[in-house]
Amino acid sequence: MTLGEADILNASVLIVDDQEANVQLIQQLLNEAGYTRVTSTMNSQDVCALHRKNHYDLILLDLQMPVMDGFQVMAGLKTDETDSYLPVIVLTAQPGHKLRALQAGAKDFISKPLDLVEVKTRIHNMLEVRLLYKKLEGYNQELERKVQERTAELRESEARYRSLTELASDWYWEQDEKGNFTSVSGPVLEMLGIQVGTLTGDVKDTDAAGWNEAEREQLRATIAARQPFLEFPFSRVDVDGSRRQYRVSGQPMFDQFCRFVGYRGIGVEVSVRR
């Protein structure tokens, strides 16, 4: 995330000072340095309204002003809920006011009488930080918007997937990252030789008689390796001697941060009980 010099020179700056000579000096200095959006006011009572309207990237604020001093102006600016960052450099001839101004929310200060090199340097540095902050804030908002949109799309896709798979298969199942069943539709638990009282209840092995243990172990190994499988053949011989055959398919699930969150799959019985 970088800024060009043109970005800084195009930033909006408001000069607030009740002394016309100071306003003209700073404005001339910034114009000569190439800044293109510099405005000013000598009425401190107008600052909050101007900032709400124009959203300045930087406010150069004199502290010693009649009617409403710089500290009162900063207190008013803090009430703007749309901007949590206070883009203020205070101008002061009182050394004791510097710490108080920083505690009040100012980001920097410039001493009077003005040193023109110091003024240019502090303004440039402050604007660079401010614009990077705004870029980061905008990036975070855009990222959050995209995550919300993607989450909504995934939920819609998930709903369609569940609907279609439940219609096209004999059972549907989901497991979390620890292998616990979180959603089951159909006889998948019996097929895998386990049982649960509820979906969040204790899971334990039950009678696995009749199942092909080699097939069971191969399927378990595939799931443990987080590999997808398609129409995996599965079979069981019932107590009456009939053979039942199945095809199961599954795929691992990952969240938007590529973290494994579990498995889901479907199964169909391809044999008919005699």
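The values are calculated or read from the model by the stated rules, or taken from the named source; none is laboratory data. For clarity, every value in this text was computed on a predicted model and none was experimentally measured. For neighbour counting, all protein chains shown are included, and Cβ atoms are generated from backbone atoms with ideal geometry for every residue, glycine included.
Table for the structure above
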item: Answer residue from region 228-274, given it is polar (S, T, N, Q) and surrounded by 12 or more Cβ atoms within 10 Å (Cβ to Cβ) and is farthest from ASP176 (Cα to Cα) among those; result: SER242
item: Only one of MET42, MET65 that is of a type outside the set (D, E, K, R), touching a residue at least 40 places away in the same chain (Cβ under 8 Å) and over 20 Å from LEU131 (Cβ atoms); result: MET65
item: Selected residue (criterion: farthest from GLY267 (Cα to Cα)) from residues of region 207-244 that are part of a loop (DSSP other than H, G, I, E, B) and modelled with pLDDT of 85 or more; result: ALA225
